[in-house]
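Have a look at the structure below, then the notes.
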Amino acid sequence: MKKQYILFDLDGTLTDPGLGITKSAQHALEAFGIETEKLEDLNFFIGPPLRDTFQKHYGMSKKEADRAIQIFREYFIPYGILENEIYPGIKEMLEHLCESGKSLMVATSKPTDFAEQILQHFEIDQYFDFVAGSTMDEERAKKSDIIAYLLEECQLVDPSELILVGDRCYDIEAAKEFEIDTVGVLYGYGSKKELKKAGADYLVKTVSELEDVLLEEED
């Protein structure tokens, strides 16, 4: 079954955004009088939409969560966006996939403008045919809405031609809504238990293993 189109999550899949996101979350929470001892205690901010996270974990109203997002971005835009690292081997993998004739796309809950800046910063933007992210107002933020938008904009109608790569349950579960096969990466922020429960079709521990899975059909 040939997979012509590969949809990549961004955070925790192509790059490690942990420092920038957790520092931005800490900045936002401090404005609400909430102190955090360790930045890694805020890793749950990596992956899901910000509004959902502020509401779920801190009981905020929609209005409060939207204010928290504004404060989050006060730190994220000038500083946090580039407190980020590309995972070793990603650029080489993307190059190999493109050389094999694959069409690569990004599907992320991060706002599209931010995602494009990050891809450009790490000099991997040229490998992607389309970047689908959230809107700044978070009205399109859930991964399923982002995938739906990508499929419509790119006129992709056959799920058998697609595969999605992500590190969290949100990625896997959203892809399953569209009957898209999935690869769960264990070098990101989701656990093996989380990804298996979500129904990932493949699990990989490294970028090298990921490349093997995505290219195995060409052998």
Could you check Cys98 against (1) crowded, with 18+ Cβ neighbours inside 10 Å; (2) over 14 Å from Asp11 (Cα atoms) and say which number it fails? (1)
Working carefully through the options Ala148, Ala141, Ala115, find the one that is at pLDDT below 95 and of a type in the set (A, V, I, L, M, F, W, C). Ala141
Do we find a residue being without any contact (Cβ under 8 Å) to a residue 60 or more places away in the chain and of a type in the set (Gly, Ala, Ser) anywhere in the range 78-100? no
How many of the residues making up the range 53-75 are out of contact with any Phe, Trp or Tyr (no Cβ under 8 Å at 6 or more places or on another chain), open to solvent by less than 40 Å² (accessible area, probe 1.4 Å) and within 17 Å of Asp41 (Cα to Cα)? 2
When the range 1-24 is checked residue by residue, the ones that are open to solvent by less than 60 Å² (accessible area, probe 1.4 Å) and in a loop (DSSP other than H, G, I, E, B) are Lys3, Gln4, Asp9, Leu10, Gly12, Thr13, Leu14, Pro17
Conditions (1) in contact with an Asp or Glu (Cβ under 8 Å, 6 or more places away or on another chain); (2) within 20 Å of Val183 (Cα to Cα); (3) at pLDDT 95 or above; number of the one not met by Ile6: (1)
Which residues, counting only those in the range 103-125, are surrounded by fewer than 19 Cβ atoms within 10 Å (Cβ to Cβ) and part of a loop (DSSP other than H, G, I, E, B)? Phe122, Glu123
Is at least one residue of the range 31-46 in contact with a Phe, Trp or Tyr (Cβ under 7 Å, 6 or more places away or on another chain) and open to solvent by less than 10 Å² (accessible area, probe 1.4 Å)? yes
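The values are calculated or read from the model by the stated rules, or taken from the named source; none is laboratory data. Since we're looking at a predicted model, the values are computed, not measured. Every residue, glycine among them, receives a Cβ derived from its backbone with ideal geometry; neighbour counts consider all protein chains shown. Quick note on the areas: whole protein, heavy atoms, side chains included, nothing else; ligands and nucleic acids left out. Shrake-Rupley method; radii C 1.70, N 1.55, O 1.52, S 1.80 Å.
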